[in-house]
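The values are calculated or read from the model by the stated rules, or taken from the named source; none is laboratory data. Since we're looking at a predicted model, the values are computed, not measured. Methodologically, a virtual Cβ is constructed for each residue, glycine included, from the backbone with ideal geometry; neighbour enumeration extends over all protein chains shown.
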Amino acid sequence: IKVPLEENCYFGTGFAYRGTVHNSQTGKTCQSWDSQEPHKHTKTEEFLYTNSWNVDLKHNYCRNPNCEKYPWCYTTDPESQWEYCEIPKCQANHSQGESSQTIGEQ
């Protein structure tokens with residue numbers, strides 16, 4: 001599936017979102033996806049590549065690897081495992097640009 005690469009907004013559920021927002025909607029810093037502290041999880045690059053999903057789980061950027069309502073992240077707050085991120089949804093007339101990425105099995 002070819003999807004547009006957008007950095008300031010997301011389409012649909014944000015599965016293809018590849019921006020650099022790294023704070024939750026309440027301002028908590030996102031936990032790096034390759035870290036298991038303070039929250040242990042299975043949403044790792046290795047697990048997702050095994051399932052043919054290329055969701056770019058690098059750094060601590062907001063992503064939506066499991067098709068939640070919109071992009072989210074694990075937080076660095078031990079009391080709050082994960083939260084949605086404050087990223088605007090792209091408008092229907094938003095230019096999707098020339099850049100795209102293939103996601104999933106081909």
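Within region 80-96, restricting attention to residues that are hydroxyl-bearing (S, T, Y) and at pLDDT 70 or above, which residue is surrounded by the most Cβ atoms within 10 Å (Cβ to Cβ)? Ranking the candidates gives Y84 first. Among residues of region 60-79 being surrounded by fewer than 13 Cβ atoms within 10 Å (Cβ to Cβ) and not acidic (D, E), the one that is modelled with the highest pLDDT is P78. Taking (1) at pLDDT 90 or above; (2) under 14 Å from Q81 (Cβ atoms) in turn, T13 satisfies each apart from (2). For region 14-32, a residue qualifies if it is touching a strand residue (DSSP E or B) at 6+ places or on another chain (Cβ under 7 Å) and either part of a loop (DSSP other than H, G, I, E, B) or buried (at least 16 other Cβ atoms within 10 Å of the Cβ) (or both), and the qualifying residues are A16, Y17, V21, H22, N23, S24, Q25, T26, K28, C30, Q31.
Each residue in region 1-10 was checked for being at pLDDT below 85, in a strand (DSSP E or B) and touching a Phe, Trp or Tyr at 6+ places or on another chain (Cβ under 8 Å), and 2 pass.
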